[in-house]
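The values are calculated or read from the model by the stated rules, or taken from the named source; none is laboratory data. This one's a predicted model, so the numbers in the text were calculated from it and none came from an experiment. Here the Cβ is made from the backbone with ideal geometry for all residues, glycine too, and neighbour counts use every protein chain on show. Heavy atoms of the whole protein, side chains included, go into the accessibility calculation; ligands, DNA and RNA do not. Shrake-Rupley method; radii C 1.70, N 1.55, O 1.52, S 1.80 Å.
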Amino acid sequence: MADRVTVIGWDGSPLTRAATAALSAATLVAGAAHHLALPEVPERAERVRLGSVDLAARRIAGHRGSAVVLADGDPGFFGVVRTLHKPEHGLEVEVVPAVSSVATAFARAGMPWDDAQIVVAQPRTLRRAVNVIRAHHKVAVLTSPGAGPAELALLLEGVHRTFVICEELGTERERVTVLTSDKTADHTWRDPNVVIAIGGGPETTATSAWIAGRSPVHPEGVRGWALPAASYGGAGEGGEGESPGLRAAQLARLGPRAGDLVWDIGCGSGALAVEAARFGAAVLAVDSDPDACARTTAAARTFQAGVQVVRGTAPHVLERLPEPDVVRIGGGGVPVVTAVADRRPERIVTHASNRDEAEALGAALSENGYTVECALLQSVELDTSAWAERERTVVFLLSAVRTDLAP
């Protein structure tokens, strides 16, 4: 019974001596059709078309002889090695790596990629991959059938990016195409392909890059969360909805993260929208006030944050927005809360200035399939020169979790 498998990465270049030696001794070779057609694959070896890696692993575990798996690029990078390494298969895995398809794609584009986000797009993760593109300047997408360049572009409606589409890297049919995302859906693309999406903010400079996959989302010297609105370019706190304490509590209950799309309805100074984006989420900031939209745009530019500003009045403007994961409602009452609940985000937070308003909002959320919590928050700002009260804020915080997700 086989308890050892050699995994060979293939990037279109000649195989290494170690890869050739492993193949020459193989009695079973698993891979895609173009791998099994390589001249180095022994004629006597059993050939297995690689579809389900779990099924192939079980086949390998039951094979008497020497097994080899061929895979595109670096098989340890979003590749077959993770599945083959599962304890239930009982396989010892040896890897002969090759250049990853992501590295090859950036090489073809002539671009650095230490600051790039890298995501896998499958039909079930397609929307989250698109949200990462919304949020970040540079994203490489490992696509799959049904979640390719055209599907990415269609879900990015209204957001313009430059796509570098690399098809069938390492083969004779390799093709690299550069075009804007709004033109991508007009074409048919060959699998496999890698899409590099560029745009949505300035590129990380060589002096500021020090950790892979991250780019700064704060000006030099700025540290912390729940900063005063003035830190984001606002003239000051615009009522209880803009207080840092309430904003901190709202963000804590929303829990924005990479791959999420956040709606911030009634964005005001843009402070919450920018802070949600600093957690890695994509943000749609909505407001009917042109000055609020301008402030939010300026704050997002200052913090290099992935915020798209939409001017319009809720609830009507919400009908044309893409599906949210979490939503903060800064105003609009029961009609807006009901319209948001109809879109079924995982979490909703809002606030009220009095108990009657809080009860009405809570009832609307409960009736629309959400488990609701409410807390009375009071904060007192002190003037530390005299230790005298400067400002007092009292607000009801409502947080709601979709009932099917509530603990």
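Provide a single number: the residues in segment 355-377 that are of a type outside the set (Gly, Ala, Ser) and over 16 Å from Arg328 (Cβ atoms). If you could, list the steps in order and put the result at the bottom.
From segment 355-377, those of a type outside the set (Gly, Ala, Ser) are 355-357, 359, 361, 365, 367-368, 370-374, 376-377; that's our starting set.
Still in the list and also over 16 Å from Arg328 (Cβ atoms): 355-357, 359, 367-368, 371, 376.
Going through segment 355-377 one residue at a time, the tally reaches 8.
Elements of the type helices (runs of 4 or more DSSP H) sitting completely within segment 1-78 and holding at least 3 residues that are farther than 23 Å from Asp191 by Cα and open to solvent by 40 Å² or more (accessible area, probe 1.4 Å): these cover 17-24.
Being assigned to a loop (DSSP other than H, G, I, E, B) and within 14 Å of Ser399 (Cα to Cα) is the requirement here; does Pro322 meet it?
Values: assigned to a loop (DSSP other than H, G, I, E, B): yes; within 14 Å of Ser399 (Cα to Cα): no.
No: the conditions fail for Pro322.
Only one of the numbered conditions (1) more than 32 Å from the chain's Cα centre (by Cα); (2) surrounded by 12 or more Cβ atoms within 10 Å (Cβ to Cβ) is not met by Ala388, and that is (2).
Restricting attention to segment 106-144, the residues that are under 18 Å from Arg278 (Cα atoms), surrounded by fewer than 23 Cβ atoms within 10 Å (Cβ to Cβ) and among the charged types (D, E, K, R) add up to 2. A single entry from Arg328, Arg347 fulfils the requirement of being open to solvent by 40 Å² or more (accessible area, probe 1.4 Å), within 26 Å of Gly312 (Cβ to Cβ) and touching a Leu at 6+ places or on another chain (Cβ under 7 Å): Arg347. Within segment 382-407, residues that are in contact (Cβ under 8 Å) with a residue 24 or more places away in the chain and within 30 Å of Gly369 (Cα to Cα) sit with their Cβ atoms under 6 Å from residues that are open to solvent by 80 Å² or more (accessible area, probe 1.4 Å) and part of a strand (DSSP E or B), at 6+ positions apart or across chains, in these pairs: Val394/Gln378; Phe396/Leu376; Ser399/Glu373; Val401/Arg347.
Restricting attention to segment 356-376, the residues being closer than 20 Å to Glu242 by Cα, open to solvent by 30 Å² or more (accessible area, probe 1.4 Å) and touching a strand residue (DSSP E or B) at 6+ places or on another chain (Cβ under 7 Å) number 3.
When the criteria are applied in full, Asp291 meets the requirement of being open to solvent by 10 Å² or more (accessible area, probe 1.4 Å), out of contact with any His (no Cβ under 9 Å at 6 or more places or on another chain), outside any loop (DSSP other than H, G, I, E, B) and under 18 Å from Gly331 (Cα atoms).
Got a number for residues in segment 210-227 being at pLDDT 75 or above and surrounded by 16 or more Cβ atoms within 10 Å (Cβ to Cβ)? Of the residues in segment 210-227, 2 are at pLDDT 75 or above and surrounded by 16 or more Cβ atoms within 10 Å (Cβ to Cβ). Yes or no: Ala185 surrounded by 14 or more Cβ atoms within 10 Å (Cβ to Cβ), closer than 30 Å to Trp10 by Cα and either modelled with pLDDT under 95 or touching a Leu at 6+ places or on another chain (Cβ under 6 Å) (or both)? Yes: the conditions hold for Ala185. Could you count how many residues in segment 346-365 are farther than 19 Å from Pro407 by Cα and within 34 Å of the chain's Cα centre (by Cα)? Result for segment 346-365: 7.
May I ask you to verify whether Val176 is modelled with pLDDT of 95 or more, open to solvent by 20 Å² or more (accessible area, probe 1.4 Å) and in contact with a helix residue (DSSP H, G or I) (Cβ under 6 Å, 6 or more places away or on another chain)? Step through it out loud before you land on a result.
Values: modelled with pLDDT of 95 or more: yes; open to solvent by 20 Å² or more (accessible area, probe 1.4 Å): yes; in contact with a helix residue (DSSP H, G or I) (Cβ under 6 Å, 6 or more places away or on another chain): yes.
Taking the combined requirement at face value, the residue satisfies it.
Among the residues that make up segment 169-184, is at least one of them more than 28 Å from Ile211 (Cβ to Cβ) and touching a Pro at 6+ places or on another chain (Cβ under 8 Å)? Yes, some residue in segment 169-184 is more than 28 Å from Ile211 (Cβ to Cβ) and touching a Pro at 6+ places or on another chain (Cβ under 8 Å). Summed over segment 3-37, residues that are out of contact with any helix residue (DSSP H, G or I) (no Cβ under 8 Å at 6 or more places or on another chain), more than 14 Å from Val95 (Cα to Cα) and not hydroxyl-bearing (Ser, Thr, Tyr) total 11.
Out of Arg190, Arg247, which single residue is in contact with an Asp or Glu (Cβ under 6 Å, 6 or more places away or on another chain) and either open to solvent by less than 30 Å² (accessible area, probe 1.4 Å) or at pLDDT 85 or above (or both)? Outline the logic, then answer.
Details: Arg247 fails: in contact with an Asp or Glu (Cβ under 6 Å, 6 or more places away or on another chain).
Exactly one residue qualifies, and that residue is Arg190.
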